[in-house]
Each structure stands twice: as structure tokens, then as C-alpha cells.
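A short worksheet on the structure shown next.
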Amino acid sequence: MVERALNTLHANRHRQTSFLICDHEADEPLSSIEEFKIIDVLTRALENDGVVPYFQGIRDNQTQSISHYEALMRIIDVDGTVYAPAFFMDTAKKYHLYSYLSERMYERVFSLFAERGESVSLNFSAYDINSQKMQQLIFEQLEKAAHPEHFILEILEDEPFRDVETLRCFIHKIRQYGVQIAIDDFGSGYSNFLQLMELNPDYLKIDGEIIRHLHQSETHRKLLRAITVLGREFNMKIVAEFVENKAIQSHILDYGIQYSQGFYFYKPAGFDQLALSGIDAAAQQGGSRDVSL
């Protein structure tokens, strides 16, 4: 906070004013100094194998156990500091580092689960699908995978696709490997609804901004009810994100939603912790686990 205040003062040193207000909650663009610091962190991560997936369990509300996991990108700096995407993602996209981070992330997850029998899901953004290089990387990894049909592709609903036909062709090709499709952050954007449904998704992940206000807002509850009806009509599995407390989970159960994801049940953890407590135990019991990236 102090550092940001000093940056603000320095940037506005020629203004004729007695004081400046620096609000850490204000939605203001990052300064060049802040962006350069983030770029420095990302560069070190790419050079030192610091792009690491963390995994968060997704609860099956019927069996009351972990159904699958979502792999969340983390940047680990050389000093051990762990950064979540909110810290670096906008800057990474602005300065064309996003594709390098995604490439490392996908390769890492494929490597971790190359010989495992669990299902694995890939979270692809518009940036990825619009990139021939990223598409090729995924196809190459699927070709090498022992069970490519264990993968699920998650598509972010809140990012625009420049070429919808490219998206359709990519999904058609990837389905030939038996890959399932999920729409992530559903309800957060304004994408063409018909185009989304034409993708015939297997999973629908409801945006966290809808879920986190359920216990306070009748409007959000009505919206959730409409989405669950939609899911049933299209035979899609519904995942509620940002389930943070018992009150929210109670509404999730009332609407018959199959899966819950959030800190109320599980926090993101490194692969070592996951392998010790989650996937290995399931494999010993003969169960199946999906891992979402």
C-alpha cells in the first residue's frame, strides 16, 4: 500500500495539488513500475520452472466426496512467494506472456497425469483456441496420452472468440479423442447463448458471482434456478463455483446441483498433497477422479 502511494506521488509530482488519494480498492490501471515488477516475476518463473498447478477438489453432492479437481495456475517466485492469476494474468496477456504460461501449465499437468488412470480436464481460453500453436500442443499431448478420453476441455464463457468457426472446428476435432466439453464461468459474459449450446457441453460451471450472493439475493436465486432448469434440459452436469459457506451450500442442495466447488469444502493444494490424500486413495478404491485444468 505504501509502495503504491509512493508510485502515485511520483507519477503526479508536477500536479498543482496539496494531496492525492491512493485507494487500494480502486479499479485503476497498474503503473508502469508495477507492470515491470510483474513481468520480472513472470520471467523468473518461466526461467526457473515456476509455473505450477495447484488443485482444488470439486465435491459430488450425492456421494459427499471429491468428484474431481480443478488445476489452478500459480506462479512461484524464486523466494517462494506464490502468486495467483489475479496478480499477473492481465499483465501477462497485455505483454504477450500468457501463451508461454499456458504452455508450461498444460505440459506440467499432462506430465503429472501421463501414466495415471484418472480423467483430466483442460481449461482453454479464447487466447488458447485462437492460437494454432496452442491447439497443436494439446493435440500432440492427446496423441501421447494413454487415455485421451479422460480429458475434459473447459472453455471460459466470459472471453470473446474472434472466429466462432475456429472454435467449432477445434471442438469437433478434440471430441474425436473422446474429450468432454465444459463451459466455465457461465453467466459472467454476454456470449451468444445459441452458439454456446451448439457446443453441446457436458458440464456447465456457474460463475462464482452468481453463487456467492445466493443467500442474500432473491434475484441470484432465480437466476440459479433458471440455469439448473437449462442444465437438465440439455442434459448437462452442473458445477457451482465459489461455495464459501454453509448457507450457500444449502441453496446448492435445494436446487439439486450435482457439484460444489469452493473454500467451504476444499482449498487449492499442490500436487504432492493431492497425490497423498486424494487421487491415490481413490485409485486404490477403484474410483475415478477428474482433474480440471
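The values are calculated or read from the model by the stated rules, or taken from the named source; none is laboratory data. Note that the structure is a prediction, hence the values are computed from the model and not measured. Please note: Cβ atoms are built from the backbone with ideal geometry, for glycine as well, and neighbour counts cover all protein chains shown. The accessibility values were calculated without ligands, DNA or RNA, using every heavy atom of the protein model including side chains. Shrake-Rupley method; radii C 1.70, N 1.55, O 1.52, S 1.80 Å.
What's the number of the only condition in (1) over 21 Å from the mean Cα position of the chain (by Cα); (2) within 17 Å of L204 (Cα to Cα); (3) not hydroxyl-bearing (S, T, Y) that L153 fails to meet?
It is condition (1) that L153 fails.
What are the residue pairs meeting all of these: first residue in the stretch 105-134, first residue at positive phi, second residue aliphatic (A, V, I, L, M), Cβ atoms under 6 Å, and 6 or more apart or on different chains?
Sorted first by the residue in the stretch 105-134, then by its partner, the list stays empty.
Is the stretch 106-117 home to any residue that is in contact with a strand residue (DSSP E or B) (Cβ under 7 Å, 6 or more places away or on another chain) and surrounded by fewer than 21 Cβ atoms within 10 Å (Cβ to Cβ)?
For the stretch 106-117, residues in contact with a strand residue (DSSP E or B) (Cβ under 7 Å, 6 or more places away or on another chain) and surrounded by fewer than 21 Cβ atoms within 10 Å (Cβ to Cβ): present.
Is it true that I174 is at pLDDT 90 or above and in a helix (DSSP H, G or I)?
Yes; evaluated as a whole, the condition is true for this residue.
Residue under question is V120, and the condition is that it be of a type in the set (V, I, T), at pLDDT below 90 and either outside any helix (DSSP H, G or I) or within 19 Å of the chain's Cα centre (by Cα) (or both); does it hold?
So V120 fits the description; yes.
Among (1) exposed (fewer than 13 other Cβ atoms within 10 Å of the Cβ); (2) at pLDDT below 85; (3) within 29 Å of R168 (Cα to Cα), where does E233 come up short?
Of everything listed in (1) exposed (fewer than 13 other Cβ atoms within 10 Å of the Cβ); (2) at pLDDT below 85; (3) within 29 Å of R168 (Cα to Cα), E233 misses just condition (2).
Give just the number: which of (1) buried (at least 16 other Cβ atoms within 10 Å of the Cβ); (2) modelled with pLDDT under 90; (3) in a loop (DSSP other than H, G, I, E, B) does D185 not satisfy?
Condition not satisfied by D185: (3).
I need the full set of residues from the stretch 206-261 which are within 17 Å of the chain's Cα centre (by Cα) and in a loop (DSSP other than H, G, I, E, B), in order please.
D207, R212, E241, F242, V243, E244, listed by residue number.
Residue by residue through the stretch 29-63, note down the ones that are within 30 Å of I252 (Cβ to Cβ) and of a type in the set (D, E, K, R).
R59, D60 - these are the residues of the stretch 29-63 that are within 30 Å of I252 (Cβ to Cβ) and of a type in the set (D, E, K, R).
Hey, among E47, E35, E70, which residue is among the acidic types (D, E) and closer than 24 Å to F151 by Cβ?
Result: E70 is the single residue among E47, E35, E70 that is among the acidic types (D, E) and closer than 24 Å to F151 by Cβ.
How about the stretch 38-94: which of its residues are closer than 25 Å to Y264 by Cβ and part of a loop (DSSP other than H, G, I, E, B)?
Matches in the stretch 38-94: N61, Q62, T63, Q64, A84.
For the stretch 64-82, state whether one or more residues are modelled with pLDDT of 90 or more, exposed (fewer than 12 other Cβ atoms within 10 Å of the Cβ), more than 28 Å from F242 (Cβ to Cβ) and of a type in the set (A, V, I, L, M).
yes
Quick one: count up the residues across the stretch 244-268 that are hydrophobic (A, V, I, L, M, F, W, C), in contact with a Gly (Cβ under 9 Å, 6 or more places away or on another chain) and free of Cβ contacts under 8 Å to residues at least 40 places away in the same chain.
Total satisfying the criteria: 1.
All but one of (1) crowded, with 20+ Cβ neighbours inside 10 Å; (2) at pLDDT 90 or above; (3) under 25 Å from F55 (Cα atoms) hold for L224; state the number of the condition that does not hold.
(3)
All but one of (1) among the acidic types (D, E); (2) modelled with pLDDT of 85 or more; (3) open to solvent by 40 Å² or more (accessible area, probe 1.4 Å) hold for D27; state the number of the condition that does not hold.
Here D27 meets the rest and fails (2).
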